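The values are calculated or read from the model by the stated rules, or taken from the named source; none is laboratory data. The structure displayed is predicted, hence computed values, not measured ones. Cβ sites come from the backbone with ideal geometry, for glycine too, and all protein chains shown count toward neighbours.
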Amino acid sequence: MNVLTTLWRKIETFFIVTFVTCLVWVYAEGESARTGRVTATLQFVSSAGQTLAIEPAERVVELQYRCSTSEEQRLRELVRRPLGIEIRSDQQAESVKSVSLRDRILTDTAIGQMGVQIVSVDPEAVELRVRELEKVSLPIVASPGKLRLAGPATVEPGQGTVLAPKSLAPLLEGARLTVRLDQTNQPIEPGKEYKFKLPIEPPDVLTGSGVMIEPARAEATFSVVSSSQTYTLEHVRIMMVVPPRLFTRYDVVLKDDLLVLSEPVEVVGPSDKIEQLRAGPDRVVALLRLSAEDLAKGITSSQVELTLPEGVTTRLPAPRLNFEIVPRKAEGGTTGGVGG
């Protein structure tokens, strides 16, 4: 009886253990066979030893996967950052490549080392425009633009590197990189030394070609002199402007019969505008504008209007002229225009 009891207990224990083991196995199998989808960003980079311009540089894809619970968690953490896919040039200056993504994800990224099964990738492939770049060293120079420098500007570093397509490299012989000193948004005062880190611009032959420049900025040191100048107009002619219909009805007699302003006029303005005045001071005239109301009232003085270039002003208010307005007789009177 004891033997049968013992045997029965052993058989019972065996079935219980087997049953529990099956339950654990079924549960574990269910945990290790999870499927789902996840979004990932692929970043296309140059293979070692090559410098390539790749367009597009990134592509967002959707991955369908099959893996265990622990692998799924690691996968979701992994795709929070871009996944690098190496691209190699085939020795052509420019080419278009069709890249199958599923295999490259498994071979080029850490996903393949995890043992995750990638069921599908959407899109399955992507076309990339690949251009081989060449490094060209060029000097960096400062362009003052609208600023008037007190002396030569210094730029640090003095050399930069352009990553340009090989087809454009021959055009860079003798070219220069540029920092434009007048591109800063800060006010510039004469007599002070300034240091600004400014963007480095490519040569004109590369404008719009999407080249890369290293470094992206350079530090320029410079100081400026005043951006304005003064100039004295010695002889400014006087001209009168009256309504045409009243031209023959009044005489305007200037005091002392002036033809030019009695005093020189000092003006101030941007350097380029002042230089224009120096080249042609006779272009400036003093306009004495009189309206019909002024003529009827018989006013005796008025401020002139100087025909100055835009941005140029007088240091003192524009001068006033003294005059007499004499109505002409309707008949048998003096004929002719407005006198001065």
Helices (runs of 4 or more DSSP H) wholly inside the range 1-117 containing at least 2 residues that are modelled with pLDDT of 75 or more: 69-78, 101-108, 111-114
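Would you check which residues across the range 143-175 are out of contact with any Phe, Trp or Tyr (no Cβ under 7 Å at 6 or more places or on another chain) and assigned to a strand (DSSP E or B) and list them?
Let us first name the residues in the range 143-175 that are out of contact with any Phe, Trp or Tyr (no Cβ under 7 Å at 6 or more places or on another chain), namely 143-148, 150-152, 154-175.
Across the range 143-175, the qualifying residues are Ser143, Thr154, Val155, Glu156, Gln159, Gly160, Thr161, Val162, Leu163, Ala164, Pro165.
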Set Leu149, Leu138, Leu83: member being touching a residue at least 12 places away in the same chain (Cβ under 8 Å), surrounded by 15 or more Cβ atoms within 10 Å (Cβ to Cβ) and farther than 25 Å from Cys67 by Cα: Leu138
His235, sole failed condition from (1) assigned to a loop (DSSP other than H, G, I, E, B); (2) out of contact with any Phe, Trp or Tyr (no Cβ under 9 Å at 6 or more places or on another chain); (3) under 30 Å from Ala150 (Cβ atoms): (3)
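Within the range 63-81, how many residues are farther than 24 Å from Phe44 by Cβ and either among the hydroxyl-bearing types (Ser, Thr, Tyr) or not assigned by TED's automatic domain parsing to the domain that holds Arg37 (or both)?
Going residue by residue through the range 63-81, those that are farther than 24 Å from Phe44 by Cβ are 66-73.
Okay, now just the ones that are also either among the hydroxyl-bearing types (Ser, Thr, Tyr) or not assigned by TED's automatic domain parsing to the domain that holds Arg37 (or both), so 68-70.
The qualifying residues number 3.
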Yes/no for Val155 being within 18 Å of Lys97 (Cβ to Cβ) and buried (at least 19 other Cβ atoms within 10 Å of the Cβ): no
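Does Thr178 fit the bill of being assigned to a strand (DSSP E or B), in contact (Cβ under 8 Å) with a residue 12 or more places away in the chain, of a type in the set (S, T, N, Q) and surrounded by 14 or more Cβ atoms within 10 Å (Cβ to Cβ)?
Numbers: assigned to a strand (DSSP E or B): yes; in contact (Cβ under 8 Å) with a residue 12 or more places away in the chain: yes; of a type in the set (S, T, N, Q): yes; surrounded by 14 or more Cβ atoms within 10 Å (Cβ to Cβ): yes.
It is true that Thr178 is assigned to a strand (DSSP E or B), in contact (Cβ under 8 Å) with a residue 12 or more places away in the chain, of a type in the set (S, T, N, Q) and surrounded by 14 or more Cβ atoms within 10 Å (Cβ to Cβ).
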